[in-house]
Amino acid sequence: MIDRSPGAASVKQLADGAFGYVQPDGSWFINNCGFVDADGHAVLIDTCATERRTRALLSAVGDTAGPVTTLVNTHHHGDHTNGNYLVGGATVVGHRKTRETLLADGIQRYEGVFTDSEWGKLELRVPDLVFDDTVTIYAGRTRMDLIHPGHAAHTTNDVLVWLPGQRLLYAGDLVFNGGSPFALMGSVAGWRAALNVIRELDPAVILPGHGPVCGLETVDAVDDYLEFVQRAAETGKAAGRSPLDQAKATDLGRFAELTEQERLAGNLHRAYAELDGEGWGAPLDLGAPMRDMLAWNGGPIRCFS
């Protein structure tokens with residue numbers, strides 16, 4: 001049995017003064033966070049999906065580096081932002097669209113889609129300081145470049161946190177390690193282009209949004225999966241199949257090793273839209289893709305958050 005409880009999370013030193021908070025097994029709503037020691041206080045990268053997980057995170061950060069004074073959100077999804085409100089008087093930094101999307105959508109619990117989530121008490125807190133392209137902040141002497149890839153990818157508002165001195169990248173959900181990438185709220189093609197931004201940075205160490213610490217080989221694995229989705233969409237469109245029918249007809253092959261295989265149905269909705277000429281990150285009605293993922297899964301999706 002895999003221990004997916006908050007107590008299974010661990011702090012891993014990734015570089016001098018820079019850490020990852022890794023939560024197994026990285027499945028739905030079980031994300032990774034990062035933090036950098038700023039000489040008595042900390043810069044935190046993302047919070048968690050639930051109250052209890054975020055409280056465990058903050059305890060670990062406090063024991064290692066001190067209280068959080070700055071929080072960076074890598075995108076708007078709840079597994080990276082739901083716990084923002086627990087980070088005291090810290091300044092929250094994020095992309096402009098992260099703030100806008102959180103204000104528009106509020107806290108999403110996806111009732112009827114996921115089962116067994118223990119959200120706890122949640123309150124909406126959005127970024128206080130926003131940017132559009134890039135901004136640099138410092139944790140003590142450590143430089144941290146916040147980089148938006150310039151277009152939609154995993155979402156419309158992804159942010160890479162790059163520590164050039166350490167060649168360390170906090171990738172957010174632009175990198176999944178062991179789980180199926182999920183492009184429904186962004187762009188399949190745009191995500192593939194964003195991976196080239198990561199390749200150009202040439203990180204030595206990557207903390208993915210979900211899954212174990214990795215390197216550039218995992219960036220290639222994400223790219224391979226996204227290309228697979230594009231090819232499946234082309235095949236399905238040519239055969240006149242719906243995204244769900246195409247998902248059912250697709251042999252996952254080596255991608256059957258990934259968790260969250262139901263995401264293929266949602267990803268195909270986005271890939272179909274792009275084949276129809278929709279722009280990267282164009283709004284989609286999420287109802288049909290969510291229903292198709294449930295149909296592919298055979299019912300509500302088990303969540304261990």
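The values are calculated or read from the model by the stated rules, or taken from the named source; none is laboratory data. Computed from a prediction, not measured in an experiment: that's the story for all the values here. Every residue, glycine among them, receives a Cβ derived from its backbone with ideal geometry; neighbour counts consider all protein chains shown. For accessibility, only protein heavy atoms count, side chains too; no ligands or nucleic acids. Shrake-Rupley method; radii C 1.70, N 1.55, O 1.52, S 1.80 Å.
Observations on the model:
- Only one of the listed residues (Thr98, Thr155) is assigned to a loop (DSSP other than H, G, I, E, B) and open to solvent by less than 50 Å² (accessible area, probe 1.4 Å). That residue is Thr155.
- Every condition in (1) over 22 Å from Ile30 (Cα atoms); (2) under 17 Å from the mean Cα position of the chain (by Cα); (3) among the aliphatic types (A, V, I, L, M) holds for Val161 except the one numbered (1).
- If you go through the range 286-305 and pick out every residue that is aliphatic (A, V, I, L, M) and part of a loop (DSSP other than H, G, I, E, B), you end up with 1.
- Within the range 46-64, the set of residues being over 23 Å from Cys303 (Cβ atoms) and open to solvent by less than 10 Å² (accessible area, probe 1.4 Å) comprises just one member, Val61.
The rows are residues; the columns are (1) open to solvent by 10 Å² or more (accessible area, probe 1.4 Å); (2) touching a Leu at 6+ places or on another chain (Cβ under 6 Å); (3) assigned to a loop (DSSP other than H, G, I, E, B); (4) touching a residue at least 60 places away in the same chain (Cβ under 8 Å).
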position: Gln13; (1), (2), (3), (4): yes, no, no, no
position: Asp25; (1), (2), (3), (4): yes, no, yes, yes
position: Trp28; (1), (2), (3), (4): yes, no, yes, yes
position: Phe35; (1), (2), (3), (4): no, yes, no, no
position: Gly40; (1), (2), (3), (4): yes, no, yes, no
position: Leu44; (1), (2), (3), (4): no, yes, no, no
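- Positions within the range 1-50 being of a type in the set (Phe, Trp, Tyr) and in contact with a Cys (Cβ under 7 Å, 6 or more places away or on another chain), in sequence order: Tyr21, Trp28, Phe29
So that you can scan it fast, the table gives a plain yes or no per residue for (1) at pLDDT 95 or above; (2) touching a Leu at 6+ places or on another chain (Cβ under 6 Å); (3) farther than 26 Å from Glu260 by Cα:
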residue: Val72; (1), (2), (3): yes, no, yes
residue: Gly78; (1), (2), (3): yes, no, no
residue: Val92; (1), (2), (3): yes, yes, yes
residue: Glu111; (1), (2), (3): no, no, no
residue: Val130; (1), (2), (3): yes, no, yes
residue: Val135; (1), (2), (3): yes, yes, yes
residue: Ile147; (1), (2), (3): yes, yes, yes
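- Every residue from the range 248-281 that is open to solvent by 60 Å² or more (accessible area, probe 1.4 Å) and either under 18 Å from the mean Cα position of the chain (by Cα) or of a type in the set (Ser, Thr, Tyr) (or both): Trp280
- Residues that are assigned to a loop (DSSP other than H, G, I, E, B), open to solvent by 10 Å² or more (accessible area, probe 1.4 Å) and either within 17 Å of Asn31 (Cα to Cα) or touching an Asp or Glu at 6+ places or on another chain (Cβ under 6 Å) (or both), drawn from the range 183-229: Pro212, Val213
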